[in-house]
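J.: After the structure tokens below, expect a handful of questions from me.
The values are calculated or read from the model by the stated rules, or taken from the named source; none is laboratory data. No experiment lies behind these values; they were computed from the predicted model shown. Here Cβ is always computed from backbone atoms with ideal geometry, including for glycine, and neighbour counts include all displayed protein chains.
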Number of protein chains: 2
Amino acid sequence: MTRNTEISLRGVYDSLVARLQEVHYLNSVMGILHWDQEVIMPPGGGDSRAHQLSTLAGLSHDKFTAPEIGEWLTQLESAPESEFNDVERCNIRETRREYDREVKVPRQLVQELAEMGSRGHHIWVKAREDNDFASFAPFLEKMVELKKQWAHHIDPNRPAYDVNIDVFEQGFTMERIDPVFERLKAELVPLIAAIKDSDYKPDTSFLQGHFPLAEQKALGQHVIRDMGFNFDNGRVDVSVHPFCGGGDCTDVRITTRYREDNFIESLYAAIHETGHALYEQGRMQDQKALPVSEALTTGVHESQSLFWERMIAQQQAFAQRYCSLFAETFPEAFRNVDAHKAYEGINTCQPSFIRVEADEVTYPMHVILRYEIEKGLFDGSMQVQDLPRIWNDKMEAYLGIRPPTDREGVLQDVHWSGGAFGYFPSYTLGAMMACQFYKALEREMPDIRDHIASGNFKVIKEWLNRNVHSKGKLYDTDTLLKQVTGEPFNPSPFIAYLQAKYTAIYRLADQQAGR
Amino acid sequence: MTRNTEISLRGVYDSLVARLQEVHYLNSVMGILHWDQEVIMPPGGGDSRAHQLSTLAGLSHDKFTAPEIGEWLTQLESAPESEFNDVERCNIRETRREYDREVKVPRQLVQELAEMGSRGHHIWVKAREDNDFASFAPFLEKMVELKKQWAHHIDPNRPAYDVNIDVFEQGFTMERIDPVFERLKAELVPLIAAIKDSDYKPDTSFLQGHFPLAEQKALGQHVIRDMGFNFDNGRVDVSVHPFCGGGDCTDVRITTRYREDNFIESLYAAIHETGHALYEQGRMQDQKALPVSEALTTGVHESQSLFWERMIAQQQAFAQRYCSLFAETFPEAFRNVDAHKAYEGINTCQPSFIRVEADEVTYPMHVILRYEIEKGLFDGSMQVQDLPRIWNDKMEAYLGIRPPTDREGVLQDVHWSGGAFGYFPSYTLGAMMACQFYKALEREMPDIRDHIASGNFKVIKEWLNRNVHSKGKLYDTDTLLKQVTGEPFNPSPFIAYLQAKYTAIYRLADQQAGR
């Protein structure tokens, strides 16, 4: 009897795996199509692409929400714990979570959202080009409405915005995020003001000038390779908005964009996306098509990109490593620039309009602004038509600057055009986790700065592979953080890091003492 | 009563259309994935790509072979003819044809073939690179075996090779092709020999040299644009084997390849693929997702590429048009080259190893060789292991040359790696149709050479759009040919064209007279 039950449970698990793989490959095709749409597709292909994505989304939804999955899950959940190992139990648990969420949404709404997302991209690209919020507004209204309906289907008893956040950041809600962001505001607004008032301004003149694209590309490829990006399982291209996407962990595609008058933006976008890519390329290979190997949350994903972009590439040891390569690549600009000067130059804090170009001190304010707007759209306290004004008022309140156009304001981000509400908070939650991870690495490897200064990124990549990438969805965020850093999610190290670093760069202690 | 029946038949037709559209979008996704695989995909993505394609092929097959389609077809076929217009009747008829073929093949075999096709591509690329037929042979054996099984499922009473040919060239069988190809052999082998023996050889020295890639690319884009390729609905890229693929008629992607020592090959590959692309871009737009708008056969598709490559771009008027652009682009090589010299230079006949580089006189011999080998593989009279020898013996018999390596012999073509047996005959059947179409155009527009010499390709493109592209699958090949040219398929104009053209270029009449 026991033997028979075992065989049958194993058979059920195998059926579940086969189905999950089918869904995985459909979803990875959508990943390729999305990448293609942003990088490659001719403009006239948009209508068919929308149909392709909607067809695939519908099929993937059908396959994943079929009643037999519910039956299989019920059978598997009733098995004794010893029946399955940790990895298998995680696949069952994560499938249940996802299944319960998906099964509640009508197929028509799923397809409508997929098609809207594809069309919305084009509407947004054009509206942004034309600086014409009015042409984007009706679409945005409809998208918010659909995402409210969608949230209501999933859980009518929770605030719609929390349901949206949960997709990206399981374990986080407005109730948990609000005090974190309020504390951040309270700490950062004065810090940003103090930096603004400081008499000391790092020299950034060498970061302005003409940086030919061919040299920028070569430099980017060099650094991406040093970080350990696997070109056998990935590509680097150009798109309007840098991103990391593509198929699955065997085909990870990152993009960046280039400006001839600024090489730092493009280089650091590439480093950022490479951080994401290393997470994907570092997944459990034998479970590549199953949920256990997936990135834990959007915030944890962001912790990996920011780990490299901010914690590694914005420290002095990194400037030591690459200052001579910068000088070789751009000899005119980098004449007489030493590592410390380069370090200070790439760590200036300066309120600006565009989130993806923002420095690490002002960045969280961009996020908080969007978080507050999304909350407002979902609880009905804000209207789409008022967003340009609301956006600009908040920019003025938090950063002391007012966008001259909506292109540099409410139209700048791709997210809403695809219906990705609740995504923005993850950027800053991820920044906080990145800092927690880096502090743990520093404790484990006290000579980490020497490794960075000598370009030995392999130890870092492998530490992340071991501690984060290969863990997939085995543990929840707080458990993972506790295992790696000794404590659950904690915003304090991030705040302390920013205060210490920028107090030093801008000589804030001296200035206070001097006053 | 009548009214009710009408409504219900219309409803059935609409259900069929909705399903066909779903299948179309799945298939167009596979088109994008195939293109991506040959142009873009990192090498490590191959395993997941094979799974993606096999998942999609399985789903597309399921959707298209569902029993309700058979029921819908039966209902629609019993309707009075007046119930549906020509376009609708064609959609019903073509769906039936395809359905009957697909429904007989077990799903597992469909998936196996899709997966083999994807893996086979990589095996072939490597075998060709390494000049190692032995590493490709086991795969090829298995592929032939599967395609025999596949043919047997479709029609156990017809020769397996005929069933394969039928996929590409409806209306053609070995019985119809054999005499055409025997006649061709009988006419061309002596013509090729006479050309070889001729004392006159056109000067081709100006086609050798160094032709920088950037200039070649710009030249290619110029000519492609002149021909009327719509870049809003297409792209031009680079791949190992030039092809025309992509999504549907709104996203048509062609590729070419470049050699620095030969710009003609790359330019004419681009012209060839543009001919295919114009057919696709010229489809009935409002039926883009339905069978009626599809290309009629592979041979008719090839007639469109060869129409441009051979009938237009290899005539003297084309050389008149572009000789000065060639000279601007490659001033060194084209010093002292006039239009007539250019015309003769790009119309030399010279036996060579590689099919895609062959001239229009020797090309059919490459096709006949492959046709005879495919026949042999399918009727069991030839074994895969003997192919290198058989291939080389035939090359010697037909063209008087023996490939030094399998890379220049049996390993050169992509087709078999994807299981496309029965495809090769269409190249030459298409060449014959192209000649029939051109003769008809010449009769309708006696000043056509002046249009070409002045670069007015628009009239040609629109003539093809009107007479061929927009007709889709409305008529069978012989009917279409009869409508446009006044007679059904006929190889004679092609043979007469080659004989007249090359007799003139190689002064064969003078030589015979002189002897």
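J.: Which ones in the range A:10-24 are away from chain B (no Cβ under 13 Å) and either within 17 Å of A:PHE243 (Cα to Cα) or in contact with a Phe, Trp or Tyr (Cβ under 8 Å, 6 or more places away or on another chain) (or both)?
T.: Across the range A:10-24, the qualifying residues are A:VAL12, A:TYR13, A:SER15, A:LEU16.
J.: With assigned to a helix (DSSP H, G or I), modelled with pLDDT of 95 or more and facing another protein chain (nearest Cβ under 9 Å) as the only criterion, which of B:GLN75, B:GLN52 stands out?
T.: Unique residue meeting the criteria: B:GLN52.
J.: Let me ask another. Collect the residues in the range A:347-359 that are of a type outside the set (Ser, Thr, Tyr), surrounded by fewer than 21 Cβ atoms within 10 Å (Cβ to Cβ) and assigned to a loop (DSSP other than H, G, I, E, B), keeping them in residue-number order.
T.: A:GLN350, A:PRO351, A:PHE353, A:ILE354, A:ALA358, A:ASP359
J.: Which of (1) facing chain A (nearest Cβ under 9 Å); (2) farther than 21 Å from A:VAL23 by Cα does B:PRO80 not meet, given it meets every other one?
T.: (1)
J.: From the residues in the range A:243-262 that are under 12 Å from A:GLY220 (Cβ atoms) and within 14 Å of chain B (Cβ to nearest Cβ), which one is surrounded by the fewest Cβ atoms within 10 Å (Cβ to Cβ)?
T.: Looking at the filtered set, the residue picked out is A:THR255.
J.: Taking the residues in the range A:368-416 that are under 15 Å from A:VAL144 (Cα atoms) and at pLDDT below 95 as candidates, determine which candidate is surrounded by the fewest Cβ atoms within 10 Å (Cβ to Cβ).
T.: Here the residue is A:HIS415.
J.: Does A:LEU188 count as touching a residue at least 40 places away in the same chain (Cβ under 8 Å) and surrounded by 14 or more Cβ atoms within 10 Å (Cβ to Cβ)?
T.: Yes: the conditions hold for A:LEU188.
J.: Return the total of residues in the range A:263-287 being assigned to a helix (DSSP H, G or I) and within 14 Å of another protein chain (Cβ to nearest Cβ).
T.: Residues meeting the conditions: 6.
J.: Ok, one more. Determine whether B:PRO404 is assigned by TED's automatic domain parsing to the domain that holds B:LYS185, more than 26 Å from B:GLU115 (Cβ to Cβ) and within 25 Å of the chain's Cα centre (by Cα).
T.: Here the answer is no, as B:PRO404 does not meet what is asked.
J.: Restricting attention to the range B:220-234, which residues are in a loop (DSSP other than H, G, I, E, B) and surrounded by 21 or more Cβ atoms within 10 Å (Cβ to Cβ)?
T.: B:PHE229
J.: Of all residues in the range B:330-351, which are acidic (Asp, Glu) and touching a Pro at 6+ places or on another chain (Cβ under 8 Å)?
T.: B:GLU344
J.: Give all pairs with beta carbons closer than 6 Å in which a residue from the range B:25-45 that is more than 7 Å from every other protein chain (Cβ to nearest Cβ) meets a residue that is surrounded by fewer than 20 Cβ atoms within 10 Å (Cβ to Cβ) and not in a helix (DSSP H, G or I); count only pairs at least 6 apart in sequence or on separate chains.
T.: B:GLU38/B:SER239; B:VAL39/B:ASP237; B:VAL39/B:SER239
J.: Here's another thing I want to ask about it. If I go through the range A:182-217 residue by residue, how many of them are farther than 24 Å from A:ASN336 by Cβ and in contact with a Gly (Cβ under 6 Å, 6 or more places away or on another chain)?
T.: Residues flagged as farther than 24 Å from A:ASN336 by Cβ and in contact with a Gly (Cβ under 6 Å, 6 or more places away or on another chain) within the range A:182-217 amount to 0.
J.: Another question, then. Determine whether B:ILE7 is of a type in the set (Val, Ile, Thr), at pLDDT 95 or above, assigned to a helix (DSSP H, G or I) and not assigned by TED's automatic domain parsing to the domain that holds B:GLY418.
T.: no
J.: Additional query: Can you confirm whether B:ARG96 is among the charged types (D, E, K, R), within 13 Å of chain A (Cβ to nearest Cβ) and under 28 Å from A:ARG49 (Cα atoms)?
T.: no
J.: Now for a different question. Name every residue in the range B:112-148 that is surrounded by 21 or more Cβ atoms within 10 Å (Cβ to Cβ) and polar (S, T, N, Q), in order of residue number.
T.: Scanning the range B:112-148 gives a single hit, B:SER118.
J.: Separate question: All but one of (1) surrounded by 14 or more Cβ atoms within 10 Å (Cβ to Cβ); (2) among the hydroxyl-bearing types (Ser, Thr, Tyr); (3) at pLDDT 95 or above hold for B:TYR200, so report the exception by its number.
T.: The number of the failed condition is (1).
J.: Given the conditions (1) within 14 Å of another protein chain (Cβ to nearest Cβ); (2) at pLDDT 95 or above; (3) under 17 Å from the mean Cα position of the chain (by Cα), which single one is not true for B:LEU290?
T.: (3)
J.: Please go through the range B:439-476 and pick out each residue that is outside any helix (DSSP H, G or I) and at negative phi.
T.: Scanning the range B:439-476 gives B:MET445, B:PRO446, B:ASP447, B:SER454, B:ASN456, B:PHE457, B:VAL468, B:LYS473, B:LEU474, B:TYR475, B:ASP476.
J.: Going by the conditions given, is A:TYR423 hydroxyl-bearing (Ser, Thr, Tyr), closer than 28 Å to A:VAL240 by Cα and in contact with an Asp or Glu (Cβ under 7 Å, 6 or more places away or on another chain)?
T.: Against the criterion (hydroxyl-bearing (Ser, Thr, Tyr), closer than 28 Å to A:VAL240 by Cα and in contact with an Asp or Glu (Cβ under 7 Å, 6 or more places away or on another chain)), A:TYR423 does not qualify.
J.: Check off (1) assigned to a helix (DSSP H, G or I); (2) within 19 Å of A:MET41 (Cβ to Cβ) for B:ASP237 and give me the number that stays unchecked.
T.: (1)
J.: Quick one: which residue in A:ASP237, A:ASP199, A:ASP261 is touching a Ser or Thr at 6+ places or on another chain (Cβ under 6 Å), of a type in the set (D, E, K, R) and touching a residue at least 12 places away in the same chain (Cβ under 8 Å)?
T.: It is A:ASP237.
J.: Looking at B:ALA333, B:ALA269, which is the one that is crowded, with 22+ Cβ neighbours inside 10 Å, in contact with a helix residue (DSSP H, G or I) (Cβ under 9 Å, 6 or more places away or on another chain), small (Gly, Ala, Ser) and touching a residue at least 60 places away in the same chain (Cβ under 8 Å)?
T.: Answer to the check: B:ALA269.
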